[in-house]
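**Student:** I am attaching a structure below and will ask some questions about it afterwards.
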Amino acid sequence: MSVASRGADTISPAPRLISPDSPSTRPVSVSAPVALKPSERTNDILAEWDTMETVNAVRSALEERCAVVMIEANEDAFEKFRKRNFDFVFNIAEGLHGVSRESQVPAMLELLQVPYLGSDPLTLGLCLDKARAKEILDYHHIPTAPFSVIRTIDELDDVRLRFPSIVKPLHEGSSKGIYDSCVVRTPEELEREIRTVFEVYDEPALIEEFLTGREFTAALMGNDGAVEALPIVEITFDALPAGANPIYSYEAKWVWDAREKPLDIFQCPARLSPALKDEIEAMCKAAYRVLRCRDWARIDVRCDAKGTPRILELNPLPGILPRPEDNSCFPKAARAAGMSYNQLINRVLDISLARHGISGPKSPVSRPGQN
């Protein structure tokens with residue numbers, strides 16, 4: 001997260017930005033053609049949090065134009081925000097605890113009337129609750145997969161979804177809790193995965209009808225009527241280990257996809273007919289609008305057996321790993337659009353500053369040793 005110091009009446013040409021990280025590091029990726037067992041799933045606890053490499057990459061991009069200070073998005077953040085005058089917050093904080101964890105830093109900033117990057121607390125909370133987001137999409141006639149939410153095993157008796165289905169924790173991101181074994185084809189497998197969600201994540205389980213078509217992710221930037229879709233990324237599954245289910249699982253994202261040997265399952269721009277490209281972009285922009293996303297978001301889409309695209313979920317705090325070999329989809333889409341990583345970060349900064357009516361710095365800030 002980055003924050004700029006707030007002057008009394010005016011914005012300086014080079015505002016001071018703060019860029020704190022969410023805690024600690026991601027799990028180390030290793031190359032292994034073996035799916036993880038349910039008992040091994042607690043190792044994904046850090047999956048949502050940004051590494052210091054990502055935080056420093058964001059800081060470096062912002063330092064092209066602004067002085068930057070780092071703030072950790074933890075229990076001490078509120079007092080740090082309160083005691084200093086900041087122009088702006090570049091928020092990438094995933095939060096620490098609870099189902100509204102992504103809303104915590106934006107809620108602090110709204111209380112303190114500090115402008116910040118990205119969606120508001122309500123949108124962040126709704127999008128992290130996959131079922132609530134899907135209910136809103138369904139109300140607005142935006143296609144999504146049929147689903148049920150299970151809070152106790154006894155509720156399984158009322159589930160009327162078809163097999164195959166896929167089981168996910170209700171309130172997680174970054175493929176947490178979505179493993180190769182989560183695609184289920186029998187009642188016994190379904191109950192096993194639901195029990196695993198209860199035991200490992202202590203939260204309800206979302207059961208979706210498994211969509212068997214192609215999968216895409218769309219990176220969107222902008223506000224109101226000026227929302228731009230970057231080149232669509234297709235996630236293909238031919239390079240997964242033999243026998244693996246065709247999903248972008250935790251294993252595919254963090255275990256089988258190693259920096260030293262990236263998994264070749266991405267195509268950007270995706271090879272799409274003009275009609276399908278237009279349909280995906282229109283659907284994603286509609287979802288972005290009805291869930292009131294701001295500045296940027298990444299939206300995951302999968303087609304059903306007939307080739308009809310449906311929204312899987314919205315990510316208003318998109319992953320932004322800086323290295324191309326890390327296969328982070330938002331930067332991948334930006335590169336396909338001709339933007340470097342630094343240009344992406346500063347582009348979304350400008351989009352957010354414009355939404356707030358703030359005139360941002362136009363030229364790089366000189367650094368020690370530079371003229």
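The values are calculated or read from the model by the stated rules, or taken from the named source; none is laboratory data. This one's a predicted model, so the numbers in the text were calculated from it and none came from an experiment. Every residue, glycine among them, receives a Cβ derived from its backbone with ideal geometry; neighbour counts consider all protein chains shown.
**Student:** Would you mind stating whether Lys306 is within 30 Å of Arg185 (Cα to Cα) and either surrounded by fewer than 20 Cβ atoms within 10 Å (Cβ to Cβ) or of a type in the set (D, E, K, R) (or both)?
**Tutor:** yes
**Student:** If you don't mind, another one. Quick one: in the range 152-176, which of the residues that are among the basic types (Lys, Arg), in a loop (DSSP other than H, G, I, E, B) and in contact with an Asp or Glu (Cβ under 9 Å, 6 or more places away or on another chain) is surrounded by the most Cβ atoms within 10 Å (Cβ to Cβ)?
**Tutor:** My answer is Lys176.
**Student:** So for the range 284-294 (the condition being out of contact with any Cys (no Cβ under 7 Å at 6 or more places or on another chain), assigned to a loop (DSSP other than H, G, I, E, B) and of a type outside the set (Lys, Arg)), does at least one residue qualify?
**Tutor:** Looking for residues that are out of contact with any Cys (no Cβ under 7 Å at 6 or more places or on another chain), assigned to a loop (DSSP other than H, G, I, E, B) and of a type outside the set (Lys, Arg), one finds at least one in the range 284-294, hence yes.
Okay, residues lined up against (1) of a type in the set (Phe, Trp, Tyr); (2) in the same structural domain as Cys329 (by TED's automatic domain parsing); (3) touching a Lys or Arg at 6+ places or on another chain (Cβ under 7 Å):
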{"site": "Arg84", "(1), (2), (3)": "no, yes, no"}
{"site": "Val99", "(1), (2), (3)": "no, yes, no"}
{"site": "Gln104", "(1), (2), (3)": "no, yes, no"}
{"site": "Ala107", "(1), (2), (3)": "no, yes, no"}
{"site": "Thr123", "(1), (2), (3)": "no, yes, yes"}
{"site": "Lys134", "(1), (2), (3)": "no, no, no"}
{"site": "Arg151", "(1), (2), (3)": "no, no, no"}
{"site": "Asp158", "(1), (2), (3)": "no, no, no"}
{"site": "Cys182", "(1), (2), (3)": "no, no, yes"}
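**Student:** If Asp120 meets every condition in (1) of a type in the set (D, E, K, R); (2) farther than 30 Å from Gly357 by Cβ; (3) touching a residue at least 24 places away in the same chain (Cβ under 8 Å) apart from one, which number is that one?
**Tutor:** So the condition that Asp120 fails would be (2).
**Student:** Leu112 versus (1) of a type outside the set (Phe, Trp, Tyr); (2) over 18 Å from Asp350 (Cβ atoms); (3) within 22 Å of the chain's Cα centre (by Cα): which is the lone unmet condition?
**Tutor:** It is condition (3) that Leu112 fails.
**Student:** Moving on to the next point. Is it the case, given these coordinates, that Ala239 is surrounded by fewer than 20 Cβ atoms within 10 Å (Cβ to Cβ) and over 17 Å from the mean Cα position of the chain (by Cα)?
**Tutor:** yes
**Student:** Considering only residues that are within 15 Å of Asn315 (Cα to Cα) and modelled with pLDDT under 90, look in the range 86-114 and name the one that is surrounded by the fewest Cβ atoms within 10 Å (Cβ to Cβ).
**Tutor:** Val99
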